[in-house]
Amino acid sequence: VAIDAIRHDNLDLIIRLMNTERDMSILRKIVDLLYTFADIDNVQVIVDHLLHFFLNSKHISDPQIRSNISVKIAILTEKYATDPNWYIDISLKILSLTINTSFNDDELWYRLCQIVVNNPQLRGITCHNLLNYLVEKQTSEYIVKTSSFLLGEYPSLVMDMISIENLFTVFAEKYFTCSNSTRAMVLTTMIKLY
């Protein structure tokens, strides 16, 4: 009961501190505290603030804290998600943000693929959202990897949005923008689509 009172009474103050603090060591502790304070009732508020902070904080130059925030967001969404749309939306948002960051953690896209494969009700939502990210001009490599795996396994789920031929073309265009390991995945998907 005491921790609930502390959590409830101080959440706004901690979020305000996170948005104003410049000292990276204190900022790490604030992020850890927010993570600890998360529960089923406030997780969406905390995740929204962490995501907003991640997107809008120009003063975070430390790639370690950016990675730490993105991992904490991923864990919170997986642990407390009651709405599958929210879970997929936040997970893909994190993976899409890697264009402009030095974030480098394969664990997040692996885990998302594992969860989607094991939950048939998430496959359609995820594949449709992935396709929307994939057709953008600039796409993070993690979105390309996730798309290669899931759209390669479940291309029939997006046939209402795009033909297999056009999906093949999208992957062919992404092939030249990726690292060699991702190219191998894209090539495998292209062979499956062919």
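Observations
- Within the stretch 74-99, residues that are more than 19 Å from V135 (Cβ to Cβ) and open to solvent by 20 Å² or more (accessible area, probe 1.4 Å) sit with their Cβ atoms under 9 Å from residues that are among the polar types (S, T, N, Q) and outside any helix (DSSP H, G or I), at 6+ positions apart or across chains, in these pairs: P84/N119.
- Residue in the stretch 83-99 that is in contact with a Phe, Trp or Tyr (Cβ under 7 Å, 6 or more places away or on another chain), of a type outside the set (A, V, I, L, M) and at pLDDT 95 or above present: no
- Residue that is farthest from T82 (Cα to Cα) [pool: residues in the stretch 31-64 that are touching a Phe, Trp or Tyr at 6+ places or on another chain (Cβ under 9 Å) and part of a helix (DSSP H, G or I)]: P63
- Verdict on F37 being farther than 30 Å from G124 by Cα, crowded, with 16+ Cβ neighbours inside 10 Å, free of Cβ contacts under 8 Å to residues at least 60 places away in the same chain and not aliphatic (A, V, I, L, M): yes
- When each of N180, N129, N166 is tested for being under 18 Å from L95 (Cβ atoms) and among the polar types (S, T, N, Q), the lone residue that passes is N129.
- Members of the stretch 119-143 found to be in a helix (DSSP H, G or I) and more than 13 Å from the chain's Cα centre (by Cα), listed by number: P120, Q121, L122, R123, G124, I125, C127, H128, L131, N132, L134
- Flag for I115 being in a helix (DSSP H, G or I) and within 15 Å of P84 (Cα to Cα): yes
- Test set (1) more than 30 Å from Q64 (Cα to Cα); (2) surrounded by 13 or more Cβ atoms within 10 Å (Cβ to Cβ); (3) not hydroxyl-bearing (S, T, Y) - N118 fails condition number: (2)
- Residues in the stretch 166-184 that are open to solvent by less than 40 Å² (accessible area, probe 1.4 Å) and among the aliphatic types (A, V, I, L, M): L167, V170, A172.
- The condition (being among the acidic types (D, E) and touching a residue at least 24 places away in the same chain (Cβ under 8 Å)) is satisfied by just one residue among E173, E165, E136, E153: E153.
- Residues considered: R28, R7, R16, R22. Of these, the only one that is assigned to a loop (DSSP other than H, G, I, E, B) and either open to solvent by less than 70 Å² (accessible area, probe 1.4 Å) or of a type outside the set (G, A, S) (or both) is R22.
- G124 without any contact (Cβ under 8 Å) to a residue 40 or more places away in the chain and either surrounded by fewer than 18 Cβ atoms within 10 Å (Cβ to Cβ) or closer than 28 Å to I73 by Cα (or both): yes
- Pick from the stretch 144-165, criterion in a loop (DSSP other than H, G, I, E, B) and in contact with a helix residue (DSSP H, G or I) (Cβ under 7 Å, 6 or more places away or on another chain), ranking: surrounded by the fewest Cβ atoms within 10 Å (Cβ to Cβ): M161
- Among the residues of the stretch 127-143, the one identified as open to solvent by 30 Å² or more (accessible area, probe 1.4 Å) and over 18 Å from L97 (Cβ atoms) is H128.
The values are calculated or read from the model by the stated rules, or taken from the named source; none is laboratory data. Computed from a predicted model, the values in this text were never measured in an experiment. Cβ atoms come from the backbone with ideal geometry, glycine included; neighbour counts cover every protein chain shown. Areas reflect the complete protein model, heavy atoms only, side chains present, ligands, DNA and RNA absent. Shrake-Rupley method; radii C 1.70, N 1.55, O 1.52, S 1.80 Å.
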